[in-house]
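Take a look at the structure set out below.
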2 protein chains.
Amino acid sequence: MARWEPGARDRLVVAAVDLFTEQGYDATTVAQIAERAGVTKSTFFRHFPDKRELLAAGQETLGRLLSDGIAEAPGNATPLEAVAAGLRRAATAMGPGNRELAPRVQAAIAASTELQERDALKSVGLTAAMAEALIARGVPGVTAALASELGGLAFKRGFAEWIAGQGDTSDELARCAVAALDELRAASASLG
Amino acid sequence: MARWEPGARDRLVVAAVDLFTEQGYDATTVAQIAERAGVTKSTFFRHFPDKRELLAAGQETLGRLLSDGIAEAPGNATPLEAVAAGLRRAATAMGPGNRELAPRVQAAIAASTELQERDALKSVGLTAAMAEALIARGVPGVTAALASELGGLAFKRGFAEWIAGQGDTSDELARCAVAALDELRAASASLG
């Protein structure tokens with residue numbers, strides 16, 4: 001009977017990030033990642049199509065949560081209030097494990113153009129998910145595009161504040177992301 | 001419209017885009033691109049380090065123009081007025097050749113994840129160039145981040161309008177990009 005290994009996916013991400021940091025992204029093979037995580041190569045491929053996708057782990061989940069949060073915001077919520085609801089929902093996907101791993105993930109990304117490209121496309125995907133959810137609420141396209149860019153920027157800035165700060169809970173991330181969105185809204189008054 | 005006469009560099013871009021569209025990005029080699037363009041492989045490598053960078057052609061130029069336009073805007077220009085100056089300057093890098101090639105470039109990008117990633121990172125680079133130039137003018141970081149996102153979005157939306165429209169000049173692109181920026185500024189009033 002095949003043994004189901006809870007946490008194999010997370011162990012693969014941790015192992016990969018450590019190896020990327022120790023020896024670089026290009027020099028790291030799927031076999032090495034699997035070995036470090038204590039799983040077989042086929043287990044790796046059950047979770048990820050390749051080593052690059054591994055760092056995009058969670059993108060689909062994040063996109064869905066952003067989208068659901070926006071869809072379920074009260075009918076009279078403004079576009080940015082709906083985006084804030086999306087950010088709060090998305091934050092629930094992140095906890096102490098992500099907080100602990102984040103500096104190593106960011107170091108691995110900073111050191112690899114290929115990972116930067118993957119990461120940039122991930123941001124585009126999350127922004128698009130928010131824009132679609134806003135349009136489905138009846139927000140005009142240009143306002144939806146703008147509000148979702150603000151949402152993406154707020155999540156990025158809030159995430160950076162979260163990993164630089166003391167708290168490591170989902171609630172603390174939600175607080176940082178919504179504070180960043182408020183700050184961006186305030187700044188929009190001084191664009192001229 | 002004046003007839004566009006491409007040089008070796010532009011011929012390589014045209015040949016590559018056509019081959020990417022005909023047979024896919026992965027199946028296309030540097031040798032095939034050079035042959036189609038009627039130049040040697042060494043000519044290819046004098047212009048581009050590899051086939052992927054070929055579609056990023058002009059990114060450095062665009063970033064520099066955006067940055068110069070922002071830096072040279074009048075001292076009393078608002079952040080968005082400075083961004084508009086950057087967009088106008090950047091538009092000068094584009095003309096009938098780019099306009100003619102754009103639909104094929106976009107089709108090639110739409111068909112390849114690798115090219116989408118490269119393109120997404122290119123956008124991040126252009127936004128960063130604008131943000132830096134705004135910060136150098138004394139614009140606070142959060143306002144600079146927001147204004148440069150609006151600039152990136154305006155360039156993208158203006159470019160899409162340009163390639164869907166009749167005019168193919170730099171001036172027409174500048175008009176479309178600045179109109180898109182105005183539209184985004186107006187939309188920012190309805191973010192809530």
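Residues checked against (1) in the same structural domain as residue B:143 (by TED's automatic domain parsing); (2) buried (at least 22 other Cβ atoms within 10 Å of the Cβ); (3) within 22 Å of residue B:139 (Cβ to Cβ); (4) in contact with a Lys or Arg (Cβ under 7 Å, 6 or more places away or on another chain):
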position: B:63; (1), (2), (3), (4): yes, no, yes, no
position: B:69; (1), (2), (3), (4): yes, yes, yes, yes
position: B:75; (1), (2), (3), (4): yes, no, yes, no
position: B:87; (1), (2), (3), (4): yes, yes, yes, no
position: B:90; (1), (2), (3), (4): yes, yes, yes, no
position: B:95; (1), (2), (3), (4): yes, no, no, no
position: B:106; (1), (2), (3), (4): yes, no, no, no
position: B:110; (1), (2), (3), (4): yes, no, no, no
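In segment A:167-186, the residues that are more than 14 Å from chain B (Cβ to nearest Cβ) reach residues that are outside any helix (DSSP H, G or I) and β-branched (Val, Ile, Thr) with C-beta atoms within less than 7 angstrom, at least six apart or across chains, in these pairs: A:170/A:92. Note on segment A:103-123: residues that are within 12 Å of another protein chain (Cβ to nearest Cβ) and more than 19 Å from residue A:157 (Cβ to Cβ) amount to 7. Of the residues examined, residue A:138 is one that is surrounded by fewer than 16 Cβ atoms within 10 Å (Cβ to Cβ), outside the structural domain of residue A:15 (by TED's automatic domain parsing) and closer than 25 Å to residue B:155 by Cα. The residue pairs whose first member lies in segment A:155-166 and is away from chain B (no Cβ under 14 Å) and surrounded by fewer than 15 Cβ atoms within 10 Å (Cβ to Cβ), whose second member is charged (D, E, K, R) and not in a loop (DSSP other than H, G, I, E, B), and whose beta carbons are closer than 9 Å, counting only pairs six or more residues apart or on different chains, are A:165/A:172; A:166/A:172.
A quick yes/no check of all residues on (1) within 11 Å of the chain's Cα centre (by Cα); (2) modelled with pLDDT of 90 or more:
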| residue | (1), (2) |
| --- | --- |
| B:81 | no, yes |
| B:89 | no, yes |
| B:102 | yes, no |
| B:105 | no, no |
| B:112 | no, no |
| B:115 | no, no |
| B:121 | no, no |
| B:134 | no, yes |
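The condition (being open to solvent by 30 Å² or more (accessible area, probe 1.4 Å), in a helix (DSSP H, G or I) and among the β-branched types (Val, Ile, Thr)) is satisfied by just one residue among A:178, A:124: A:124. Among the residues making up segment B:127-145, those that are without any contact (Cβ under 8 Å) to a residue 12 or more places away in the chain and either assigned to a helix (DSSP H, G or I) or more than 9 Å from chain A (Cβ to nearest Cβ) (or both) are B:135, B:138, B:141, B:142. Only a single criterion out of (1) closer than 23 Å to residue A:191 by Cα; (2) among the small types (Gly, Ala, Ser); (3) surrounded by fewer than 19 Cβ atoms within 10 Å (Cβ to Cβ) is not satisfied by residue B:152, namely (3). Regarding residue B:40, is this residue among the hydroxyl-bearing types (Ser, Thr, Tyr) and assigned by TED's automatic domain parsing to the domain that holds residue B:150? Here the answer is no, as residue B:40 does not meet what is asked.
If only residues of segment A:36-52 that are open to solvent by 50 Å² or more (accessible area, probe 1.4 Å) and in contact with a Lys or Arg (Cβ under 8 Å, 6 or more places away or on another chain) are counted, the one that is nearest to residue A:157 (Cα to Cα) is A:47.
The values are calculated or read from the model by the stated rules, or taken from the named source; none is laboratory data. In this text the structure is predicted, and so the values were computed from the model without any measurement. Don't worry about glycine lacking a Cβ; one is built from the backbone with ideal geometry, like all the others, and counts go over all protein chains shown. These area figures cover heavy atoms from the full protein model, side chains too; ligands, DNA and RNA do not enter into them. Shrake-Rupley method; radii C 1.70, N 1.55, O 1.52, S 1.80 Å.
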